[in-house]
Amino acid sequence: METNQYLDLFLDESREHLQAVNDYLLDLEKNPNELAYVNEIFRSAHTLKGMAATMGYEDIANLTHKMENVLDRIRNEELSVTSHLLDVLLNAVEALESMVALISTGGDGQQDVSHLISMLNEIENGNNDGVANSSVDREDVSASLQLNEFERAVIEESKEQGFQPLHITVYLEEDCLLKAARTFMVFEVLEKLGEVIKSEPPVEKLEEENFEDRFTLVFLTKENQEDIQKKIMKVSEIKKVEVSILENKKEDPQPKEETPKLEKKQKAPVQSKMNMQSSKTIRVNIERLDQLMNLFEELVIDRGRLEEISKELQVKELSETVEKMTRISSDLQNIILTMRMMPIEQVFNRFPRMIRSLAKELDKQVNFEIIGAETELDRTVIDEIGDPLVHLLRNSLDHGIESPDVREKMDKDRVGNVTLKAYQSGNHVFIEIEDDGAGINVEKVLKKAIENEVVSTSEAESLSDEEVFQLIFSSGFSTAEVVSDVSGRGVGLDVVKTKIESLGGTVFVESERGKGSRFIIQLPLTLSIISVLLVEIGKEKYAIPLSSIIETAIITERDMFHAHNQRVIDFRGKVVPLVFLNDLFEVPNREQADEFYSIVIVKKGEKMAALVVDEFIGQQEVVLKSLGNYLTNVFAISGATILGDGQVALIIDCNALIK
């Protein structure tokens, strides 16, 4: 069978089914006894298996088949829902998403999922807690060194790949002076031989020297015990090293706490996420919508030309026809722009699983809430906004939300709250990420900013809290004490600000020490159409985005002053620099009939500038076009637009003019 013609349909359907499975698994974690969720997950997995088998993607079909077996046992009340089971199923969904993404880029969708199939087999055969068949012996490890389900699963998987799990206890000399340095050297030795997956005390306490004279590790390696012991003993001030293999010993049977059985009586059926979509829809490739928009822009140019001809000829029938055409094309423009709008839900949907995984990694408890996922944005913005939101959410969990013990000492709930909220206001969409964590430590940020020479000591003294918050967006800036997989390398928030500004948006920060922080992103509703003020400079027309304009004014020579070798004006008590656009863009000066100057006051955050132009033309909505691949770095120009009379007007990038 020729399957290429069905490939796009397969990819779209697969993504929808995987998203539904992901959402229902997270719902199932909150309500483990809700069989209706299990039925929906089973239905989506079964459909995906059938599609994959038909298309010849065996790895996807095999993995979904194993998921089906486990889900079927849950439906029949032969298995209970545990944290380990959900971890494995979510990992399987992640692998399936990866394979579908591989197919969408022209790959064959093949991936080694044998470890996931093996884990699903174990669950199906009754090992639902991640402990049975494990070679980890809790008795063998010191009582304080408890392994969670994820760590046990890692050990099991590594054994299949030829690694052996070791229990290592390192004893330091009683008079050891630099305990943290010795632990660091031990870790450095071990990292060349394998991987440390657990330490007691935790790494943070080892770095702070908050321990006695020994520490314990769980270590995965292919080296033999004697070699490892010898290499660790080469580190000075090490008194003794004990190395042993972690083996499973039979424990005395203890009465297990009975797991509540799944309720036989199901609640009201859950509405299927797949069936929520209207059946009166068709899928349209975004490239076709782009082509439609381009054709419409050509229509706008011809419409403008017809309007000019109509004015010249003054023919009643022609004027009436052109007026009707103008109204219809305006309605058509609104329809095309609406077709390009998509709910931001498709970006937000991937975050609950990420938050769950990250919270486990950081050993924190987090309640994650999404509000306003139905808010719509232009497709071009949707495609770009995902990465900045990932950075901000990771920042909230790592730097914002405190550990449960710390929160308890501060009379807070042990479970932290992170809220992701989207809403529309005017021609903008706002996205807020709020947490009830520690807030931003202004003194710590200022100290780090001075160390990194982001600001001088004298400048730091005059900064307001809002200005200090903006410093965290500086390149290479990080207040993390320890570099980890989550943060600490100074990469993240500067990327966030750059990306959001490239989309024509801004980002603000609000924070209260001990109460939490809120990051507010303001984005244009669409990148395809913007409201501008048309101005003339010499004989050329330029467009200034209305979102950047505070107001327009007329000034004289007497209103201008000189400060720091620059001409400035006093705008309501603030010194605002003047930018003469004819000099900037090298446009021949128009003859000045009088001493009056037309200015446009623009802003970027708290900073302002006054753009000097020759004449105001008026406000207009225009279609934004890029300058093409050969003109990517033109200073202070963000794009161009074609006006109704066929003329091209360049769009001024106000952010580039304000320093």
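For the reader, a short list of remarks on this structure follows.
- Residue check, I520 outside the structural domain of I382 (by TED's automatic domain parsing) and either at pLDDT 85 or above or within 22 Å of T641 (Cβ to Cβ) (or both): no
- Scanning segment 394-422 for residues that are within 19 Å of the chain's Cα centre (by Cα) and of a type in the set (S, T, Y) turns up S396, T419.
- Filter result (under 19 Å from I382 (Cβ atoms) and surrounded by fewer than 12 Cβ atoms within 10 Å (Cβ to Cβ)) within segment 403-425: S425
- Test result for I450, touching a helix residue (DSSP H, G or I) at 6+ places or on another chain (Cβ under 7 Å), surrounded by fewer than 17 Cβ atoms within 10 Å (Cβ to Cβ) and over 30 Å from E621 (Cβ atoms): yes
- Selection from segment 622-647 of residues that are within 19 Å of L584 (Cα to Cα), in a loop (DSSP other than H, G, I, E, B) and modelled with pLDDT of 75 or more: L627, L631, V634, F635, A636
- Annotation note: Cβ proximity below 6 Å between a residue of segment 431-444 that is among the small types (G, A, S) and a residue that is surrounded by fewer than 18 Cβ atoms within 10 Å (Cβ to Cβ) (sequence gap 6+ or interchain) occurs for G439/E512; G439/R513; G439/G514; G439/K515.
- Count of segment 32-65 residues which are within 24 Å of P352 (Cα to Cα) and either assigned to a helix (DSSP H, G or I) or aliphatic (A, V, I, L, M) (or both): 17
- In this structure, A101 does not qualify as surrounded by fewer than 18 Cβ atoms within 10 Å (Cβ to Cβ), over 30 Å from the mean Cα position of the chain (by Cα) and more than 21 Å from N125 (Cα to Cα).
- Segment 1-31 - residue that is touching a helix residue (DSSP H, G or I) at 6+ places or on another chain (Cβ under 9 Å) and not in a helix (DSSP H, G or I) and, of those, modelled with the highest pLDDT: N31
- Scanning segment 169-181 for residues that are over 11 Å from F211 (Cβ atoms) and either acidic (D, E) or assigned to a helix (DSSP H, G or I) (or both) yields a total of 4.
- For the residues I371, I382, the requirement of being farther than 22 Å from I472 by Cβ, surrounded by 15 or more Cβ atoms within 10 Å (Cβ to Cβ) and among the aliphatic types (A, V, I, L, M) singles out I382.
- Scanning segment 177-215 for residues that are crowded, with 17+ Cβ neighbours inside 10 Å, under 20 Å from L362 (Cα atoms) and polar (S, T, N, Q) yields one hit, S199.
- Residue list for segment 83-114, filter: of a type in the set (S, T, N, Q) and assigned to a helix (DSSP H, G or I): S83, N91, S98, S104, S114
- Qualifying strands (runs of 3 or more DSSP E) (wholly inside segment 278-383; at least 1 residues being among the β-branched types (V, I, T) and at negative phi): 366-371
- Reported count of residues in segment 319-350, each being more than 46 Å from the chain's Cα centre (by Cα) and surrounded by 16 or more Cβ atoms within 10 Å (Cβ to Cβ), is 1.
The values are calculated or read from the model by the stated rules, or taken from the named source; none is laboratory data. Please read all numbers here as calculations on a predicted model, not as lab measurements. So basically every Cβ, Gly included, is an ideal-geometry build from the backbone, and we count neighbours across all protein chains shown.
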